[in-house]
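Notes to accompany the following structure.
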Amino acid sequence: MTELDPEFVDLINTIGPRRAQALAVAAYEIAEQIRTDADLLDTEAVSGQQLQVLAALPPCTFAQSRFWRYQLAECATRLANDTRQWGAPVPRCTGEEMLLHLILTRAALTDTGLPAASAMAWPENTDTPDTWGDLATDLFQDDDVLALYDLPAEAITKWVGGVNLEPAEWFTEFTTPFPLPERT
């Protein structure tokens, strides 16, 4: 068995089994819904169709190819598999980072049954968290990918220093804050 980095172990412990299960289930669901959306769109751009996930992404992704969309679905599958195998999803590329934001919110809503703002609030009791706000901080190095909803990727790269934000670069791995085990 691979010895895990202590920071990764801390993250696994912070997430805990209940939330890990909810994250994995949400990730698998999102992966399947992206594939369904991709099949529905085929080569069309996102533009008002009834979609499950792809319309919730930043506009810079709307004209991407079916192949790109399937690569994105694979990002969600990898996060689900990581969570099942180790107990924590840690994004290794921009696609995984963007999807983890969606996965986290979906898992929080499903787990708590609360409205989004309440489900993503900081937990009052950190020993038995019933909300998920702590994970919004613990799972991400930064939130530059969320700026894509408001700004073009080149502006974020130039002014904020974000990396791999152009959709063509979403699957390029970046460095993580601590060593992660190899994916199998």
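The values are calculated or read from the model by the stated rules, or taken from the named source; none is laboratory data. Note that this is a predicted model, so its numbers are computed, not measured. Protein only, heavy atoms only, side chains kept; ligands, DNA and RNA dropped before computing areas. Shrake-Rupley method; radii C 1.70, N 1.55, O 1.52, S 1.80 Å.
Laid out as a table, the results:
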read-out: The chain: most fluctuating residue of Asn81, Asn13, Asn164 per GNM, C-alpha cutoff 10 Å; value: Asn13
read-out: Helical contribution to [θ] at 222 nm, DSSP H n ≥ 4, -39,500 (n - 2.57), averaged over the chain, rounded to 500; value: -16500 deg cm²/dmol
read-out: In degrees, nearest ten, helix 66-86 long axis to first principal axis of the chain (Cα); value: 0 degrees
read-out: Using alpha-carbon coordinates, inclination of helix 94-112 to the longest axis of the chain, degrees; value: 60 degrees
read-out: Probe 1.4 Å, accessible area per residue of the range 1-97, Å²; value: 46 Å²
read-out: Sulfur and carbon atoms: percent of accessible area, the range 39-184 [1.4 Å]; value: 53 percent
read-out: Residue with peak Gaussian network fluctuation, the chain [Cα springs, cutoff 10 Å], from Pro115, Pro91, Pro59; value: Pro115
read-out: C-alpha long axis of helix 6-41 to longest principal axis of the chain, angle in °; value: 20 degrees
read-out: For the range 79-184, projected area of the alpha-carbon convex hull averaged over all directions, nm²; value: 7.7 nm²
read-out: Of every Cα-Cα pair in the range 1-117, the percent that sits beyond 21 Å; value: 39 percent
read-out: Relative compactness, the range 90-152, computed as alpha-carbon Rg over 2.2 N^0.38 Å; value: 1.16
